[in-house]
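Report on one structure; see the data block that follows.
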Amino acid sequence: MYLEEEELGEIELLTEKWGGIWLKIPVQAEFLWGPICSKQEPHGPSFEANDIQLPTTPSCSILSSSSSGSFSKSLYPSWNQGQVVLGGGQDASAVTTTDHRAGKFEAKFYDEVLQEEIGGVKGHFGPINALAFNPDGQRAAPSSLLDSSDKNIPIKRPDNGGTKTMRTVRLYVNHFTLSYDPDIIIRHYNVHIKLKNQAKNSRSVKMSKDELSAIWKKLSSDNPSDFPLLSTAYDGGKNIFSAVPLPTESFKVEVPAEEDTRFSSYIFTIKLVNELKLCKLKEYLSGHVLSIPGDILQGMSLVMKENPTRCLVSVGRCFYPPKSNEDDDLGHGAAAFRGFWHSLRLTSQGPALCLDYSAVALHKCMPVIDFLQERIRGFTLEDFTRLRGDVVGVLRGLKVTVTHRKTKQKYIIKGLTYENAGDITFDAVDIDGQCPPRKVRLLDYFSEKHQEIQYKNIPCLDLGKNGRENFTPMEFCVLAEGQTYPREHSDRNAAIKLKDIAMALPGIRQKNIREMVESNDGPCGGGIIGNFGIVVNKVMTPVTGRVIVPPELKLRASNGKIAKVTVHQEKFDWTLFGKSLVEGKPISCWAVLDFSTFDQFCLDSKQFIPKLISKCNKVGIRMEEPVLYEATNMRPFTSVQMLRQLLESIKEQAYKKSKGRLQLLVCVMARRVPGYKYLKWISETQIGIVTQCCLSDKANKANDDYLSYLALKINAKLGGSNVELSDRLPLFGGAGHVMFVGADVNHPATQNTRSPSIAAVVATVNWPAANRYAARIRPQFCRMEKILNFGDMCLELVETYERLNKVKPDKIVVFRDGVGEGQFDMVLNQELLDLKRALGGIKYYPTITLIVAQKRHHTRFFPESRSDGNSSGNVLPGTVVDTIIVHPFEFDFYLCSHYGALGTSKPIHYHVLWDEHRFTSDQLQKLIYDLCFTSARCTKPVSLVPPVYYADLVAFRGRLYHDSMEEDQSPASASSSSSAPLPVAYYKLHADLENIMFFI
């Protein structure tokens, strides 16, 4: 897209900072980051807005709040020099799952004509709304760094932590305190590497991180005094952090052929970007500076990762050894690898290393032929032709190294050759051009240049790239290390074994963490961090936790009257034996759709239906006999149209028989099938039927716990109330209604760049029970974490609340899920403001509290003694920690609200960003803990506050809707809609379901 000069927007003078006058120039379109091209140079690359493969969505982010970009060419004010500006980097949801060296949230600058990257801007993880350029054309920074005085910032802790407790417990936390020398200066250098003999106007060659690292190591080995490896940390991209000054100039690097590089001669250019004074970190922790020194944290984090990066295999953000333990073999060419994840956190006790145990299934590093014998049942070389399709299926996309020549380079398997190794010929070209090309047999070439090919009667691997052929005999190929093994390829036994290894009990996990901290391969080994003045205390942080008093609950006694219920003393759960639900919804018009009739595991309807009716009546749900029982098979799940016709027929038949609306359809399935999503999409958005699915084998067993589970879900879906708190929630005991809101965004799989992200918002619609919810779903652009229509979705829910209660809520408490610390600014200054805008549009101004619930973190608690935990070795339900390991001055805490029986319990990290209700620590912790007892699906406290838990369920339900719609569309219409989400109408709930808990 080409912009006229006036389309750049108003150029605003912001401030004089960093040695120049900084100007703010808006560069972001509403939904698309596009190139800004000059009128004078319209004939650069033929970019079209819809064809640009952007690294992420408009919510792309940056790295450190005080770093600015520097450029090799002037950017401003001469817009006719052929530059474009692209916003990009990883999306926020992938940061926790990808290599620490990948992406790194940045805006990159390219020369449009030469196709050459000339600079970039890195900052904290907030969205880039505008860029500020220095008039000298050499520097730029996100304008948010310059005009942040009017922004909302996370609130400060209101007190010194909570005091109310049932008992205190002594715990160890996997945080290791980190001390540093405030007088140390870490130097940040920018690196540019290019081919030595690259043509002047040719495109720059893209190099992998392994290739760049190999070049850096060679430069260091050639000049050890100038580039000491033990005093530097390299991210495998553009950044080097050094404890000592490095020469800033260009160097010629000659790399031997056996290294992991494609070429031999490179030019390595290094420039000083910034000097990071660790005293700035001390000033922030002491409260003298308000802005987080993100650049310092970035540098220190990279220093902590440098030794594991050199010694171990990185997979995502975790590190694993090159070889697995012999006992951890999973079969089929895979093994469980035990490693660790770690990060640097700022806490009340200063910076701390958080290190957690991790386990993952990886392909074993083994010869390809040996892998095929393990992976494919009955594989033999003699039977290769018959199994060729299976071989291609398991090998395509895997990386291999080769053994016939000295090289560390990795190749991706593209496929197999059509001919066997013994029949392959190729054209050998004379390098000097003296002789014409001649046909050479692959057998002869390998015999002359390398070694004899042993297996002549099987195909070679096609390792070609960019149109170049590279046929390599399988016997010379070995699977590269660090490749994840797909979960769907594991059999049941392997899955169970991996789960047992990954879900280590607290004692085992604690032991593993301590060993990894002590390891020479870990972040504290190798002597690197010591050269930066960093010392890690290798003892876990001791803390005192408080166990909050559980709430009293309300159920109905056998006489039908409301009775108080006290929870179990250890697990804090309760039972329905001899009791009934607070409000059971009568069910007079319901049906059973049995998909298992002609299956091996068919339903025994004469046993299941009476037992379900009996259980529902016992717990207070007056359930009559079904008006219809329809027997069919699983075939309708293969077709959206067939399933739609069946469901419409069921609804019509039920109406004719009962003269009333079908309240519930119980769907019995023989097994789990992908077509389950069709059922939910059709029934919940088109026909308007509440469905409850169950598997025939579990229905036939019909044990009491399972029937109770079904009864709880059915009653909640129909608008009943299962359990309620006996007392009012803390702070909200007076007059006035309160609404609790939960919000989450579901993103498509990592490889999927076409499907939209799904935003979901849920809200309570009753008070003071606050246990019934309505939901709204919206699609938005792929991987966009910001909820675009947050304000409007919440306004819809407020209007629903008003219709049901004849009054709007006076107070709103919002729980936001799925965002990290780097996105707090987006939540505070975009989503919250959008909410206030929408509500203010109808002259409605409730008080609002905004809390982020984080479950994707790695902080773990370990009881110091048996008396400090439960019988499984985990912390007790209701354990809260709000000192020492929390933020230095912001309002956050960790709460473990559930009983952990398997593995090691994970607490939820709650971080309060905005609070107009002036909660104390005790009040808010008690409120959240009490809400965890109101979940409609079980008779125990859940691990995550229900508004967030439900928002997660609804967002996933929206994902099922999208997948159903995509599969229901014709290929032509599906491809045409790939660049944008489907219309909101496709996700709109049926009017009969939009205000009930259909998603439970």
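The values are calculated or read from the model by the stated rules, or taken from the named source; none is laboratory data. Everything numeric in this text was worked out from a predicted model, so none of it was measured. In this analysis, Cβ positions are derived from the backbone assuming ideal geometry, glycine residues included, and neighbour counts consider all displayed protein chains. With ligands, DNA and RNA removed, areas are computed over all heavy atoms of the protein, side chains included. Shrake-Rupley method; radii C 1.70, N 1.55, O 1.52, S 1.80 Å.
Filtering the stretch 614-631 to residues that are surrounded by 15 or more Cβ atoms within 10 Å (Cβ to Cβ) and within 13 Å of C667 (Cβ to Cβ) leaves P626, L628, E630, A631. Looking across the stretch 780-818, the residues that are more than 25 Å from L718 (Cα to Cα), open to solvent by 10 Å² or more (accessible area, probe 1.4 Å) and either free of Cβ contacts under 8 Å to residues at least 60 places away in the same chain or not small (G, A, S) (or both) come down to F781, C782, R783, K786, L788, N789, D792, D810, K811. Only a single criterion out of (1) touching a residue at least 60 places away in the same chain (Cβ under 8 Å); (2) within 27 Å of the chain's Cα centre (by Cα) is not satisfied by C318, namely (1).
Within the stretch 406-416, the set of residues being touching an Asp or Glu at 6+ places or on another chain (Cβ under 9 Å) and closer than 17 Å to E469 by Cα comprises Q409, K410, I413, K414, G415, L416. Going by the conditions given, is F861 within 30 Å of V567 (Cα to Cα) and of a type outside the set (G, A, S)? So F861 passes the test.
Scanning the stretch 214-227 for residues that are farther than 16 Å from V303 by Cβ and under 34 Å from the mean Cα position of the chain (by Cα) yields A214, I215, K217.
Quick one: in the stretch 383-428, which of the residues that are in a loop (DSSP other than H, G, I, E, B), within 40 Å of the chain's Cα centre (by Cα) and among the hydroxyl-bearing types (S, T, Y) is nearest to H450 (Cα to Cα)? Here the residue is T403. With the requirement that a residue be more than 18 Å from L953 (Cα to Cα) and under 20 Å from the mean Cα position of the chain (by Cα), what does the stretch 746-782 give you? Passing the criteria: T750, Q751, N752, T753, R754, S755, F781, C782. In this structure, is Y172 open to solvent by 20 Å² or more (accessible area, probe 1.4 Å) and either closer than 30 Å to L346 by Cβ or at pLDDT below 95 (or both)? Answer is yes for this residue.
When you scan the stretch 830-846, do you find a residue that is touching a Leu at 6+ places or on another chain (Cβ under 9 Å), open to solvent by 10 Å² or more (accessible area, probe 1.4 Å) and of a type in the set (V, I, T), even just one? Yes, that holds for at least one residue. Evaluation of V827 against the conditions (1) part of a loop (DSSP other than H, G, I, E, B); (2) among the β-branched types (V, I, T); (3) closer than 29 Å to W341 by Cα shows that the sole unmet condition is (1). Beta carbons closer than 7 Å, at least 6 apart along the sequence or on distinct chains, pair a first residue in the stretch 149-169 that is under 21 Å from D915 (Cα atoms) and outside any loop (DSSP other than H, G, I, E, B) with a second that is open to solvent by less than 100 Å² (accessible area, probe 1.4 Å) and not polar (S, T, N, Q) for K156/F889; K156/E890; K156/F891. The single residue among E648, E652 that is in contact (Cβ under 8 Å) with a residue 24 or more places away in the chain, open to solvent by 20 Å² or more (accessible area, probe 1.4 Å), in a helix (DSSP H, G or I) and of a type in the set (D, E) turns out to be E648.
Considering only the stretch 351-365, I want to know if a residue exists there that is farther than 16 Å from Q483 by Cα and among the polar types (S, T, N, Q). Checked against the condition, which is being farther than 16 Å from Q483 by Cα and among the polar types (S, T, N, Q), the stretch 351-365 yields no hits at all. Screening the candidates G733, G720 for the property of being among the small types (G, A, S) and free of Cβ contacts under 8 Å to residues at least 60 places away in the same chain yields one hit, G733. Candidates in the stretch 727-749 are the residues that are open to solvent by less than 30 Å² (accessible area, probe 1.4 Å) and assigned to a loop (DSSP other than H, G, I, E, B); of these, the one that is nearest to L795 (Cα to Cα) is G736.
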